[in-house]
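Visitor: Just passing along the structure, written as structure tokens.
The values are calculated or read from the model by the stated rules, or taken from the named source; none is laboratory data. Since this is a predicted model, take the numbers as computed values, not measurements. All Cβ positions, glycine included, derive from the backbone under ideal geometry; neighbour counts span all protein chains shown. Side chains are part of the model used for accessible areas, which takes the heavy atoms of the whole protein and leaves out ligands, DNA and RNA. Shrake-Rupley method; radii C 1.70, N 1.55, O 1.52, S 1.80 Å.
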Amino acid sequence: GFTVKRYSEMDAEAEYGELCNFIETVASNGIVTDFQVHARIAVLGKSFSPADNRKVPPLKYDYVRRLVQDYPQLSFSLNGGVDTLSGAKEELDECPGLAGVMIGRAWAANPWSFACSDSILYGDKGQGEVLLGYAKPRNRLEVLQMYGKHVDVEEQEHDPVRIRRFMTKAVSSLFAGEPNAKRYRIALDEIGGRPKKLAARGESWKDEPPLSELILDAATKHLSEEVLLRTPEESYEMILWEEQRTKERVALTDTASCSDAGGGDNESGQSIVAEWQQTRKESTEAAA
């Protein structure tokens, strides 16, 4: 694959016209039909970092929606500013012709928050499990148990001194935003570096417990049973509740900025979970 980029900064109609010209030029030979459109301009200059370009220029989702309408023979995905599953659903509902929504860093930072993607975005009611040939894990404890089988095989076939950190890093963000998630990550970091430390001392890692056991021990030691056993559906429900709570707080304080509700790792994270559980309990009792 390849990427073609254009940079522009002009009035809205002229800018959209230039964007259309760009799309038509790239698609003119019929080979390129799929476009991922980053809905921001890029400000080129030493005083503007890549991180600034991802946050500061205003998002122009209306441009992408217009492209979908104006070029139905082409495929367009929206990129930029969407960092939650509910946000992706909102954009796809707003513009059904969109081929997709690019998430990027947000998925890597908190993969479990997207665990319901198949059912929320595509209405999957178990068809995916048929295609996979096995049942999806029901919670993060089962994710780690399944992943443990994989890492043990990897360490039998490859040198743990070289690959252990890659194995532990893959699940380091699984509990992002949860109470004590930082302690879990620290424990994984220590596990990841242990084979190399043992080798440096002339000792063997082969007398150590299998990596699957070490990862599970780190999780069960630092994370609560509620966190480990919470289903994707319950987690998504909690995220929606947090998002609504944040919107209400922003409205009350009449400000456009708000601290990230996903900070976790402390007492505030525990209080959020407790408040959500109480709200959920009251809703269930009221429905009954």
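Visitor: Kindly rank 201-213, 226-238 from highest to lowest mean number of other beta carbons found within 10 Å of each residue.
Guide: In decreasing order of mean packing, 201-213, 226-238 become 226-238, 201-213.
Visitor: Given axes a ≥ b ≥ c from the Cα gyration tensor, I'd like to know whether the stretch 65-187 is rounded (a/c under 1.5), prolate (a/b larger than b/c) or oblate.
Guide: Prolate is the answer for the stretch 65-187, as a/c is 1.5 or above and a/b outweighs b/c.
Visitor: Would you rank LYS125, LYS89 by solvent-accessible area, highest first, keeping every protein chain in place and using a 1.4 Å probe? Let's see the in-between values first.
Guide: Values: LYS125 170, LYS89 70 Å².
Reading off the accessible areas and sorting them downward yields LYS125, LYS89.
Visitor: Once you place label points 7 Å from the Cα toward the Cβ at GLU24 and PHE166, how far apart are they in nm?
Guide: Result for the modelled spin labels: 4.7 nm.
Visitor: Over the stretch 190-233, what percent of the accessible surface lies on carbon and sulfur atoms, probe 1.4 Å?
Guide: 51
Visitor: Listed here are the pairs LYS149/LYS221; LYS55/LYS125; LYS55/LYS182; LYS182/LYS247; which of them are more than 28 Å apart at the Cα?
Guide: Pairs exceeding 28 Å: LYS55/LYS125.
Visitor: Just to be sure I understand the model, the point goes 7 Å from the Cα along the line to the Cβ. What's the resulting LYS182 to LEU121 distance in nm?
Guide: Inter-label distance under the simple model: 3.1 nm.
Visitor: Something else about it: Please turn the phi angles of the stretch 150-157 into ³J(HN,Hα) values with the Karplus equation 6.51 cos²θ - 1.76 cosθ + 1.60 (θ = phi - 60°), one per residue in order, whole Hz, x for glycine and proline.
Guide: Taking θ as phi minus 60°, the curve returns 5, 5, 5, 5, 4, 6, 6, 9 Hz for the stretch 150-157.
Visitor: In whole Hz, what ³J(HN,Hα) sequence does the stretch 187-192 give by Karplus (6.51, -1.76, 1.60; θ = phi - 60°), x for Gly and Pro?
Guide: The phi angles translate into 5, 5, 4, 5, 5, x Hz.
Visitor: Using a cut-off of 15 Å between beta-carbons, work out the net charge of the residues near GLU94 (Lys and Arg +1, Asp and Glu -1, GLU94 not included). Could the numbers behind the result be given before it?
Guide: Values: positive: LYS60, ARG65, ARG66, LYS89; negative: ASP62, GLU90, GLU91, ASP93.
Its environment carries a net charge of 0.
Visitor: Now, a different point. To the nearest 0.05, what FRET efficiency results for ASP189 and ASP70 with a Förster distance of 51 Å applied to their C-beta separation?
Guide: 0.55
Visitor: Test of understanding: what is the full-extension gain from GLN36 to GLU90, defined as 0.36 nm times their sequence separation minus their Cα-Cα distance?
Guide: 17.7 nm
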